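Visitor: Can you keep this structure in mind? I'll have questions shortly.
The values are calculated or read from the model by the stated rules, or taken from the named source; none is laboratory data. These figures come from a predicted structure and were not determined experimentally. In this analysis, Cβ positions are derived from the backbone assuming ideal geometry, glycine residues included, and neighbour counts consider all displayed protein chains.
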Amino acid sequence: MEQKSIFSVISPIMVGPSSSHTAGAVRLGLMARNIYNAPFSKVKFVLYNSFATTGFGHGTDKGLLAGILGYQVDDSSIKNIFETVNNVDYSFSYIQDISRHPNSVDIIIDDKMTISGDSVGAGEIRINNINGFSTDINGSYDTLLLMYKDKPGMISTVSDIIQKQKVNIASLHCGRSSKGGQASMYIALDIPIGEDVVEKVKNIKDVYFVTNIRKLK
Amino acid sequence: MTILSFEELINKCNTENKKIYEIALEEESFIQDENFDVIKIKTLETLLAMKEAVKNGLKSTEKSISEWCGDDCEKLQKRYYTTASILGKTFEKIITYALATAEENLRMGRIVACPTAGSCGIVPSVIIAVAEEKKIPEIEQINGLMTAGLIGLIISNKVQLAGAVAGCQAECGVASAMAAAALTQMLGGNILEILQATALALKNILGLTCDPVCGLVEVPCIKRNAFLAIHAVTASELALCGVESKIPLDEIVDTLKITGQLMSPLLKETSQGGLAKTKTAIELEKKLFNNKQ
Ligand code: SF4
């Protein structure tokens, strides 16, 4: 059993009113920000199920937007976020779909990347899909995510580069759309890796997207 | 290392001759790989955030997004300004602070989830109000909060503290048990008395459902914070007098879990039953939905 902290019951310090619908929403936004890891000018949020029906009263929309703009869960200005944002074009839509988790969202950034995640309770989150690839990222590890053309040897090439930096790999997951098609890999790390390592991974042939996702605070 | 039961906790306290908060401090310092001072400072920051939430809540009458709630704390302050409550100053402060915090939560103010945001007013109101009235120094408030933390943690190792999993007994109920433990610690109770207070609080709230109107953390959540803060005081007073629960605390926690499993999903945060499906709640829901559009 994973050993839990007393601060799992006497924290987080957060803006209300709901750990799943407010704090969880902020963390989903923060995670999407860390995954995209580049400036953006447009973001669309698709809220599902309970996020769609009760999100309004819980400030879920404000939380998501604040998160993607880099606000932390305890920032009192989240409440007035709509009045303060002016350089990002944002929109919300609401859908009922029972195949999705009750507290689920798609975050579409610059029409380029779609990140889907759930708020699974007590402020904890899970990113389960990035651009069509299944993931299971909860923000508790620094994670290297890459997308590439499926071919043999990619895993060892990437893990070699990481191991040379003496960074321990906590877990590694891969998936692909079809043999030889687009594939994705995400690697949870015990300590963050530097941008130089990211550059090396970017330079591997047939890798078309790499992002160094920082863990959540 | 993980402490899985209260029996284990008592044995550990007895064999090592330590208080519950001392065990909490050691455990926490081990998992976080930090020294005792860092953990104490982190706990102090949590306590200060709780006090800040009370302070802000006392000043504000801003309504929630639904516009149903937000001005009850002021009503209490108005009355107590001129008329004393029958139970005295500490009682007044506890229920006022509980509402202050819970209202601050719903207006998207900064609070400490303890253990959840919906139940955020219970532990702080008891600790802060009693500390003010009894002039209890900050370090003892920290010890109380750490005691509450370890108690809540041990319960959460057995049952997830979420209305969706086990109803409100697992949120406000557990918050009340944590507050009872903190208070008993602050009032100088021994380990057995602290655990008896926890047991009495928890046992007498078993079965509490979670049926928030329109799915919002407002009705019945806000006022429930005031009720369960006082519930914690009752438990602590009984325990300090030597009253004991016939059923041991570990078995009560197991019962909470099983009761949660037996509870209909309609009464576990789905807003499909209970208060959420009353005639008035349905009307409120319609109004809220129309306003939103
Ligand atoms: S009724 Fe439900 S939402 Fe409200 S405080 Fe209790 S568990 Fe939380």
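Visitor: If we keep just the residues of the range B:155-206 that are within 14 Å of chain A (Cβ to nearest Cβ) and among the charged types (D, E, K, R), which is surrounded by the most Cβ atoms within 10 Å (Cβ to Cβ)?
Guide: This residue is B:GLU171.
Visitor: Related question: Only residues that are at the interface with another protein chain (Cβ under 7 Å from one of its Cβ atoms) and more than 16 Å from the ligand (Cβ to nearest atom): list them for the range A:13-52, please.
Guide: A:ILE13, A:VAL15, listed by residue number.
Visitor: Let me ask another. Could you check B:THR234 against (1) buried (at least 19 other Cβ atoms within 10 Å of the Cβ); (2) away from the ligand (no atom under 15 Å from the Cβ); (3) more than 15 Å from B:THR147 (Cα to Cα) and say which number it fails?
Guide: The failed condition is (1).
Visitor: If you don't mind, there's one more thing I want to ask. For B:LYS89, indicate whether it is more than 22 Å from A:VAL15 (Cβ to Cβ), among the basic types (Lys, Arg) and more than 10 Å from chain A (Cβ to nearest Cβ).
Guide: Details: more than 22 Å from A:VAL15 (Cβ to Cβ): yes; among the basic types (Lys, Arg): yes; more than 10 Å from chain A (Cβ to nearest Cβ): yes.
It is true that B:LYS89 is more than 22 Å from A:VAL15 (Cβ to Cβ), among the basic types (Lys, Arg) and more than 10 Å from chain A (Cβ to nearest Cβ).
Visitor: Assess whether B:ALA148 counts as being surrounded by 24 or more Cβ atoms within 10 Å (Cβ to Cβ), facing chain A (nearest Cβ under 7 Å) and either away from the ligand (no atom under 16 Å from the Cβ) or within 20 Å of A:SER18 (Cβ to Cβ) (or both). Break it down into steps so the answer makes sense when it comes.
Guide: Numbers: surrounded by 24 or more Cβ atoms within 10 Å (Cβ to Cβ): yes; facing chain A (nearest Cβ under 7 Å): yes; either away from the ligand (no atom under 16 Å from the Cβ) or within 20 Å of A:SER18 (Cβ to Cβ) (or both): yes.
Yes.
Visitor: For A:PHE7, all conditions in the list (1) within 14 Å of chain B (Cβ to nearest Cβ); (2) in contact with a strand residue (DSSP E or B) (Cβ under 9 Å, 6 or more places away or on another chain); (3) assigned to a helix (DSSP H, G or I); (4) not aliphatic (A, V, I, L, M) hold save one; what is the number of the exception?
Guide: Failing condition for A:PHE7: (2).
Visitor: Inspect the range A:113-121 for any residue being polar (S, T, N, Q) and crowded, with 24+ Cβ neighbours inside 10 Å and give the result as yes or no. Please lay out each step first, then the result.
Guide: Residues of the range A:113-121 polar (S, T, N, Q): A:114, A:116, A:119.
From what's left, crowded, with 24+ Cβ neighbours inside 10 Å: A:116, A:119.
The answer is yes, given that some residue of the range A:113-121 is polar (S, T, N, Q) and crowded, with 24+ Cβ neighbours inside 10 Å.
Visitor: Quick check on my filter: what residues within the range A:121-159 are among the β-branched types (Val, Ile, Thr) and at pLDDT below 90?
Guide: Start the filter on the range A:121-159 by keeping residues that are among the β-branched types (Val, Ile, Thr), which leaves A:125, A:127, A:130, A:135, A:137, A:143, A:155, A:157-158.
Hit for the range A:121-159 is A:THR135, nothing else.
Visitor: Can you pull out every residue in the range B:264-284 that is assigned to a helix (DSSP H, G or I), touching a Gly at 6+ places or on another chain (Cβ under 9 Å) and within 12 Å of another protein chain (Cβ to nearest Cβ)?
Guide: B:PRO265, B:ALA276
Visitor: Any idea which of B:GLY188, B:GLY167, B:GLY215 is within 20 Å of B:VAL253 (Cα to Cα) and either small (Gly, Ala, Ser) or more than 14 Å from the ligand (Cβ to nearest atom) (or both)? Give the derivation first.
Guide: On the way: B:GLY188 fails: within 20 Å of B:VAL253 (Cα to Cα); B:GLY215 fails: within 20 Å of B:VAL253 (Cα to Cα).
Criteria check complete, one pass: B:GLY167.
Visitor: Taking the range B:98-123 as the search range and keeping residues that are away from the ligand (no atom under 15 Å from the Cβ) and buried (at least 24 other Cβ atoms within 10 Å of the Cβ), which one is farthest from the other protein chains (Cβ to nearest Cβ)? Outline the logic, then answer.
Guide: Start the filter on the range B:98-123 by keeping residues that are away from the ligand (no atom under 15 Å from the Cβ), which leaves B:100, B:107-110.
Still in the running and buried (at least 24 other Cβ atoms within 10 Å of the Cβ): B:100, B:108.
Values: B:ALA100: 13, B:MET108: 4 Å.
Ranking the qualifying residues of the range B:98-123, first place goes to B:ALA100.
Visitor: Scan the range A:68-99 for residues that are away from chain B (no Cβ under 14 Å) and crowded, with 18+ Cβ neighbours inside 10 Å and report the count.
Guide: The total comes to 2.
Visitor: Another question, if that's okay. Of everything in the range A:53-64 that's under 20 Å from the mean Cα position of the chain (by Cα) and within 13 Å of chain B (Cβ to nearest Cβ), which residue is nearest to A:ASP97 (Cα to Cα)? Don't jump to the end; show me each part of the working.
Guide: Applying the first criterion (under 20 Å from the mean Cα position of the chain (by Cα)) to the range A:53-64 yields A:55, A:59-64.
Remaining after also requiring within 13 Å of chain B (Cβ to nearest Cβ): A:55, A:59-63.
Working: A:GLY55: 15, A:GLY59: 21, A:THR60: 18, A:ASP61: 18, A:LYS62: 22, A:GLY63: 21 Å.
That would be A:GLY55.
Visitor: Working carefully through the options B:LYS93, B:LYS134, find the one that is of a type in the set (D, E, K, R), surrounded by fewer than 18 Cβ atoms within 10 Å (Cβ to Cβ) and farther than 19 Å from B:ALA201 by Cα.
Guide: Values: B:LYS93 fails: surrounded by fewer than 18 Cβ atoms within 10 Å (Cβ to Cβ).
Matching residue, one of B:LYS93, B:LYS134: B:LYS134.
Visitor: Among (1) within 25 Å of A:GLY123 (Cβ to Cβ); (2) of a type outside the set (A, V, I, L, M, F, W, C); (3) within 16 Å of the ligand (Cβ to nearest atom), where does B:GLY207 come up short?
Guide: (1)
Visitor: On to the next question. I'm told B:ASN225 meets every condition in (1) within 16 Å of the ligand (Cβ to nearest atom); (2) free of Cβ contacts under 8 Å to residues at least 60 places away in the same chain; (3) among the polar types (S, T, N, Q) except one. Can you identify the failing condition by its number?
Guide: It fails just one condition, (2).
Visitor: Continuing with this model, one more query. Select from the range B:78-90 the residues that are surrounded by fewer than 14 Cβ atoms within 10 Å (Cβ to Cβ) and not aliphatic (A, V, I, L, M) and write down the one among them that is farthest from B:SER176 (Cα to Cα). Write out each step before concluding.
Guide: Of all residues in the range B:78-90, those surrounded by fewer than 14 Cβ atoms within 10 Å (Cβ to Cβ) come to B:78-79, B:81-84, B:86-89.
Of the ones still in play, those that are also not aliphatic (A, V, I, L, M) are B:78-79, B:81-83, B:88-89.
Working: B:LYS78: 26, B:ARG79: 25, B:TYR81: 27, B:THR82: 29, B:THR83: 27, B:GLY88: 20, B:LYS89: 20 Å.
Filtering the range B:78-90 for residues that are surrounded by fewer than 14 Cβ atoms within 10 Å (Cβ to Cβ) and not aliphatic (A, V, I, L, M), the one farthest from B:SER176 (Cα to Cα) comes out as B:THR82.
Visitor: Looking at the range A:58-114, which of its residues are touching a residue at least 24 places away in the same chain (Cβ under 8 Å), in a helix (DSSP H, G or I) and more than 15 Å from A:LYS44 (Cα to Cα)?
Guide: Result: A:HIS58, A:SER76, A:ILE78, A:LYS79.
Visitor: Which of (1) in a helix (DSSP H, G or I); (2) more than 21 Å from the chain's Cα centre (by Cα) is the odd one out, the single condition B:THR101 does not satisfy?
Guide: Condition not satisfied by B:THR101: (2).
Let's see how each residue does on (1) of a type in the set (Val, Ile, Thr); (2) free of Cβ contacts under 8 Å to residues at least 12 places away in the same chain:
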| position | (1), (2) |
| --- | --- |
| B:GLU34 | no, yes |
| B:LEU44 | no, no |
| B:LEU47 | no, no |
| B:VAL54 | yes, no |
| B:THR61 | yes, no |
| B:ARG79 | no, yes |
